[in-house]
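To start, the structure itself, in C-alpha cells.
The values are calculated or read from the model by the stated rules, or taken from the named source; none is laboratory data. Predicted model, so just to flag it, every value in this text is computed and none were measured. Every residue, glycine among them, receives a Cβ derived from its backbone with ideal geometry; neighbour counts consider all protein chains shown. For the accessible areas, the whole protein counts, side chains as well, though only heavy atoms, and no ligand, DNA or RNA atoms are used. Shrake-Rupley method; radii C 1.70, N 1.55, O 1.52, S 1.80 Å.
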Amino acid sequence: MVRVHELSRTDARRIAVRAQLLTRQRPTDLVETVRQLTLVQIEPTSAVAPSAELVLWSRLASAFDPQEMWDALDEQQLIELHQTLRVPEDIALFRAEMAAWPGSGELREWQEDVRDWVNANNDCRREILERLRADGPLPTSELPDTCVVPWASSGWNDNRNLRMMLDKLVQRGEVGAAGGQGRDRLWDLASRIYPDDPVPPLEEARRLLDERRLSGLGIARPSATKLPVEPIDVGDAGEPAVVEGVRGRWRVDPAQLGQPFAGRAALLSPFDRLLADRKRMGELFEFDYILEMYKPAAARRWGYYALPILYGDRLVGKLDARADYKAGVLRVTAVHRDLQFSKAMTAAVDREITDLARWLDLELDRPG
C-alpha cells in the first residue's frame with residue numbers, strides 16, 4: 001500500500017516555494033532556472049517589467065540581464081510554445097499532442113469546427129508553409145493572409161485570420177516561434193526549431209508532462225479546473241499527500257520531502273507560477289489576491305499591478321509600484337501588509353524593492 005504523506009500547511013508551503021526556486025539559495029543559470037520552473041509565462045503587461053523578465057529576476061536577482069533571455073530564445077536554448085518559455089527537451093512531450101491534433105478520441109464540436117476551418121483555408125495554410133520554407137524565419141507582417149473563410153469571432157480585426165491560422169499551425173506542430181519579441185516575433189517551420197527527439201506515445205507524454213509539472217509546483221491537486229496557459233493539476237504524478245487543515249487529496253514531489261528550508265523575501269509577478277493556482281494559494285498560503293488591472297481605479301484595493309510579497313514560506317503583502325521610464329523612476333505608492341512586519345521583514349522587503357529599482361535602472365521614488 002502506498003504511503004500517504006501527512007503534511008502541515010508549513011510543510012506544503014515550503015515544498016511549493018522550494019520547487020519554485022524562491023529560497024535563500026538562488027539559482028545562477030538562466031536555462032537551468034527555466035528547466036526547474038518547467039515554464040515561464042510570456043505576458044505582455046509591463047507596468048513594472050514584462051512578466052517573464054520579472055519572474056526570472058525574482059530568482060536570479062539583478063545579475064539577470066533580460067537580453068540574455070531573448071538571446072536564449074533566438075539561439076533556441078529556450079523555446080517559446082503557447083506563450084511560455086520551455087527548455088528544448090520538453091518539446092517532444094508536446095509534439096505528441098500536436099500529432100493528435102485536433103484531439104484524440106471522439107472530437108468535441110468546437111474541435112470539429114476548428115478542424116473544418118483549417119481545412120476550408122488549406123490553401124492559405126500551404127502558402128504560409130511554402131513562404132516559411134523558402135524565406136523563413138519571418139515576422140507575421142510578411143506572411144500571406146489568403147483565408148477564404150473568416151475566423152468566426154467577436155472583436156474582429158484585419159489580422160485575426162492570420163493570427164488564428166498561425167496559432168493552429170503551432171498546435172499542429174507545423175510552425176513554431178523562432179525568436180524575436182512582441183510584434184517582431186519571428187515564425188519558422190517547426191522542423192527547423194524543435195529538437196528531433198523521439199516523440200513518446202500520447203498517454204506516455206501526458207504522464208511525463210504531469211511529472212514535469214509537479215517538479216515545478218512541488219505540491220498540486222491530482223485534478224483541477226483547466227486553465228488557459230498550463231494545467232495546474234498533475235494526475236497520478238508523485239506520491240499521495242494530505243495537508244493538515246485542508247480538505248482533499250494532494251500529490252507531492254517526493255524529491256522535495258524532508259529537504260532543509262531557508263527562506264527569503266521576494267517580489268513576485270502577478271503571473272508567477274507560485275500563484276497560478278489561486279485555489280492552492282488560498283488553501284496553503286491563506287493569501288487574498290486578485291490582479292486589479294482590469295478593475296476601475298476606484299475599486300482597487302492594492303493597485304493596478306500589485307506584486308505579491310513573499311517572505312520565507314508566507315505571502316505577506318502586496319507592493320503597489322509602477323515603472324515610469326519617461327521620468328526614470330520606480331514609483332512605489334504603497335506596501336500593503338497582510339501580516340505585521342518585523343524589523344527583519346521590513347529590511348528584507350526594502351532590499352528587494354531597492355534591487356528591483358536597480359535592475360530596472362530607475363531611481364526609487366517612494367513615500368517617506
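What is the P(r) of the stretch 190-233, as percent of Cα-Cα pairs per 5 Å bin from 0?
The calculated distribution, bin by bin, is 5, 18, 21, 22, 18, 11, 5, 1.
Please check: in the Gaussian network model of the chain (C-alpha springs, under 10 Å), which one of Leu186, Leu275, Leu107 has the largest mean-square fluctuation.
Leu107
With label points built 7 Å along Cα→Cβ from the Cα atoms of Lys279 and Lys226, find their separation and express it in nm.
The two pseudo-label positions are separated by 1.5 nm.
Under a 10 Å cutoff between Cα atoms, tell me which one of Arg86, Arg18, Arg249 has the largest fluctuation in the Gaussian network model of the chain.
Checking each option, the largest mean-square fluctuation is seen for Arg249.
Kirkwood hydrodynamic radius (Cα pairs, Å) of the stretch 277-368?
Answer for the stretch 277-368: a Kirkwood hydrodynamic radius of 14.1 Å.
Where a ≥ b ≥ c are the square roots of the eigenvalues of the C-alpha gyration tensor, would you call the stretch 1-107 rounded, which needs a/c under 1.5, or, failing that, prolate if a/b is larger than b/c, or oblate? Kindly include the intermediate steps, with their values, before the conclusion.
Values: a/c = 1.97, a/b = 1.02, b/c = 1.93.
Oblate is the answer for the stretch 1-107, as a/c is 1.5 or above yet b/c matches or exceeds a/b.
Within 10 Å of each candidate Cβ there may be at most 16 other Cβ atoms; applying that plus a DSSP loop requirement, which GluC sites (Glu not before Pro) in the stretch 82-130 survive? Before the final figure, lay out each step's value.
Working: sites: Glu89, Glu97, Glu106, Glu109, Glu112, Glu127, Glu130; in loops: Glu106.
Counting only loop positions with at most 16 other Cβ atoms within 10 Å, the GluC sites (Glu not before Pro) in the stretch 82-130 are Glu106.
So for the stretch 37-192, Kirkwood radius off the Cα pairs, Stokes-Einstein at 20 °C and 1.002 mPa s: how many µm² s⁻¹?
Numbers: Rh = 16.9 Å.
Stokes-Einstein gives a translational diffusion coefficient of 127 µm²/s.
Return the Cα extents of the chain along principal axes one, two and three, sorted largest first, each rounded to a whole Å.
Ordered largest first, the chain gives principal extents of 66, 63, 38 Å.
Along the positive direction of the dipole of the stretch 1-155 (beta-carbon charges: Lys, Arg +1; Asp, Glu -1; about the Cα centre), which of Thr45, Ala19, Trp110 reaches farthest?
Most positive-ward Cα: Ala19.
On a straight-distance basis, which lysines could pair with Lys295 in a cross-link, Cα separation under 29 angstrom, same-chain partners fewer than 8 positions away excluded?
Reachable lysines: Lys226, Lys279, Lys318, Lys326.
List the trypsin sites (Lys or Arg not before Pro) in the stretch 90-134 that DSSP assigns to loop (not H, G, I, E or B) and whose Cβ has at most 13 other Cβ atoms within 10 Å. Which are they?
On the way: sites: Arg95, Arg108, Arg115, Arg125, Arg126, Arg131, Arg133; in loops: Arg108.
The qualifying sites are Arg108.
Skip the ligands, DNA and RNA, and give the accessible area per residue of the stretch 1-145 with a 1.4 Å probe, whole Å².
Details: 6780 Å² over 145 residues.
Result: 47 Å² of accessible area for each residue.
Could you grab the relative contact order for the chain? Cα pairs under 8 Å, six or more apart, rounded to a whole percent.
Values: 621 pairs, mean separation 73.4, N = 368.
Across the chain, relative contact order equals 20 percent.
Hydropathy at least -0.5 by Kyte-Doolittle, axial extent at least 24 angstrom from the Cα trace: which helices of the chain, defined as entire DSSP H runs, fit? Don't skip to the end; give the middle numbers.
Values: long enough: 343-360 (26 Å, -0.02).
Sorted by number, the helices that extend far enough and score high enough are 343-360.
Subtract the Cα-Cα distance of Glu363 and Asp123 from 0.36 nm times their separation in residues, and report this length gain in nm to one decimal. Don't skip to the answer; put the middle values down first.
Working: separation 240, 0.36 × 240 = 86.40 nm, distance 5.34 nm.
Value of the extension gain: 81.1 nm.
Give me the percent of accessible area attributable to carbon and sulfur for the chain, probe 1.4 angstrom.
Working: 8580 of 17830 Å².
Carbon with sulfur: 48 percent of the solvent-accessible area.
With a cut-off of 8 Å between alpha carbons and a minimum separation of six or more residues, what is the relative contact order of the stretch 174-224 in percent? Can you show the working numbers first?
Numbers: 31 pairs, mean separation 11.5, N = 51.
RCO, the stretch 174-224: 23 percent.
Starting from the Cα gyration tensor of the stretch 153-297, take the square roots of the eigenvalues, sort them a ≥ b ≥ c, and report rounded, prolate or oblate (rounded when a/c is under 1.5, otherwise prolate if a/b is larger than b/c, else oblate).
Numbers: a/c = 2.12, a/b = 1.40, b/c = 1.51.
Verdict is oblate for the stretch 153-297.
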